[in-house]
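Visitor: Questions regarding the structure given below will be posed in turn.
Each reported figure results from applying straightforward, stated rules to the coordinates on display, with no laboratory input. This is a predicted model, so every value here is computed, not measured. With ideal geometry, Cβ positions are generated from the backbone for all residues, glycine too; neighbour counts draw on all protein chains shown.
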There are 2 protein chains.
Amino acid sequence: MLNQSSSLDLMFQALADPGRRMMVERLSRGPASVSELAKPMTMSLPAVVQHLQVLEASGLIRTQKVGRVRTCQIEPGALQLAEQWINERRTLWERRLDRLGDFLAETAPENEPEDQS
Amino acid sequence: MLNQSSSLDLMFQALADPGRRMMVERLSRGPASVSELAKPMTMSLPAVVQHLQVLEASGLIRTQKVGRVRTCQIEPGALQLAEQWINERRTLWERRLDRLGDFLAETAPENEPEDQS
């Protein structure tokens, strides 16, 4: 089993490609077969399959073959993990800015004389 | 100027490395010099500098050299762009699940006889 850091490596790597993001975009609207996913793409079917393998290995999607049709769908938990990682860092930074703002407000002279020059 | 898709490529690519994520993690607590960032890392200073260049090119951090010291800090807007992209996809998917749940609730027989077997 992958630890969380390796999972994030694979997920961010998977999201770093515009074609793969387009597939995630499509799948966020509902499950789709491989050929449905390939239709709007300007790449060969084997290339689409390869991108889907990267997405599946990252945990962002799962696929299931029924008869001759492979259907793909989003794994929302994986998207959430990536989102949460970024959100926590951004929140830490914003809290730091808030504290800095409070500090500046507290230490500012209350009735600073205006500069009349 | 980079378009949004190329920016996302570079940002997700930058976040796909555990060492670079550790640097973003550190910087989300406040600005730091290159040597402060390098201290907890198990890599050479040139390797740290190379990772920082990737982070800076992605727009996730900015650096400024004053005298002999280069200071790095987070660019919160870039983190927000990446977070927003994921959030929008996840929200789409969740809304779809909600609609599916509503549909199932509406079409379910109201007083289904219990199976007594």
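Visitor: Quickly run through segment B:53-70 and pick out the residues that are more than 19 Å from the chain's Cα centre (by Cα) and surrounded by fewer than 15 Cβ atoms within 10 Å (Cβ to Cβ).
Guide: Of everything in segment B:53-70, those that are more than 19 Å from the chain's Cα centre (by Cα) and surrounded by fewer than 15 Cβ atoms within 10 Å (Cβ to Cβ) turn out to be B:Gln64, B:Lys65, B:Val66, B:Gly67, B:Arg68, B:Val69.
Visitor: State yes or no: is A:Ala78 out of contact with any strand residue (DSSP E or B) (no Cβ under 9 Å at 6 or more places or on another chain) and within 14 Å of chain B (Cβ to nearest Cβ)?
Guide: Taking the combined requirement at face value, the residue does not satisfy it.
Visitor: For B:Ala82, indicate whether it is touching a residue at least 60 places away in the same chain (Cβ under 8 Å), part of a helix (DSSP H, G or I) and of a type in the set (A, V, I, L, M). Quick ask: steps written out before the conclusion?
Guide: Numbers: touching a residue at least 60 places away in the same chain (Cβ under 8 Å): yes; part of a helix (DSSP H, G or I): yes; of a type in the set (A, V, I, L, M): yes.
For B:Ala82, the condition - touching a residue at least 60 places away in the same chain (Cβ under 8 Å), part of a helix (DSSP H, G or I) and of a type in the set (A, V, I, L, M) - is met.
Visitor: Let me ask something else. Taking the stated definitions as given, is B:Arg90 in a helix (DSSP H, G or I) and surrounded by 16 or more Cβ atoms within 10 Å (Cβ to Cβ)?
Guide: Details: in a helix (DSSP H, G or I): yes; surrounded by 16 or more Cβ atoms within 10 Å (Cβ to Cβ): yes.
It is true that B:Arg90 is in a helix (DSSP H, G or I) and surrounded by 16 or more Cβ atoms within 10 Å (Cβ to Cβ).
Visitor: Is there a residue in segment B:59-69 that is over 17 Å from A:Leu92 (Cβ atoms), in a strand (DSSP E or B) and among the polar types (S, T, N, Q)? It would help to see each step written out before you state the result.
Guide: Start the filter on segment B:59-69 by keeping residues that are over 17 Å from A:Leu92 (Cβ atoms), which leaves B:59, B:62-69.
Narrowing the set further to residues that are in a strand (DSSP E or B) leaves B:62-66, B:69.
If we keep only those that are among the polar types (S, T, N, Q) as well, we get B:63-64.
Yes; the residues of segment B:59-69 include at least one that is over 17 Å from A:Leu92 (Cβ atoms), in a strand (DSSP E or B) and among the polar types (S, T, N, Q).
Visitor: Starting from residues that are among the polar types (S, T, N, Q) and within 7 Å of chain B (Cβ to nearest Cβ), keep the ones in segment A:1-15 and report whichever is surrounded by the most Cβ atoms within 10 Å (Cβ to Cβ).
Guide: From segment A:1-15, those among the polar types (S, T, N, Q) are A:3-7, A:13; that's our starting set.
If we keep only those that are within 7 Å of chain B (Cβ to nearest Cβ) too, we end up with A:5, A:13.
On the way: A:Ser5: 12, A:Gln13: 18.
For segment A:1-15, the residue satisfying everything is A:Gln13.
Visitor: Output the residues belonging to segment B:35-79 that are on the phi > 0 side of the Ramachandran plot and touching a Ser or Thr at 6+ places or on another chain (Cβ under 9 Å).
Guide: Initial filter on segment B:35-79 (on the phi > 0 side of the Ramachandran plot): B:59, B:67.
Correct list: B:Gly59 only.
Visitor: Among the residues of segment B:16-68, what is the count of those that are within 11 Å of chain A (Cβ to nearest Cβ) and either within 20 Å of A:Asp17 (Cα to Cα) or of a type in the set (S, T, N, Q) (or both)?
Guide: Within segment B:16-68, residues that are within 11 Å of chain A (Cβ to nearest Cβ) and either within 20 Å of A:Asp17 (Cα to Cα) or of a type in the set (S, T, N, Q) (or both) number 8.
Visitor: Looking at segment B:1-55, which of its residues are among the charged types (D, E, K, R) and assigned to a helix (DSSP H, G or I)?
Guide: Here is the first cut: in segment B:1-55, the residues among the charged types (D, E, K, R) are B:9, B:17, B:20-21, B:25-26, B:29, B:36, B:39.
Of everything in segment B:1-55, those that are among the charged types (D, E, K, R) and assigned to a helix (DSSP H, G or I) turn out to be B:Asp9, B:Arg20, B:Arg21, B:Glu25, B:Arg26, B:Glu36.
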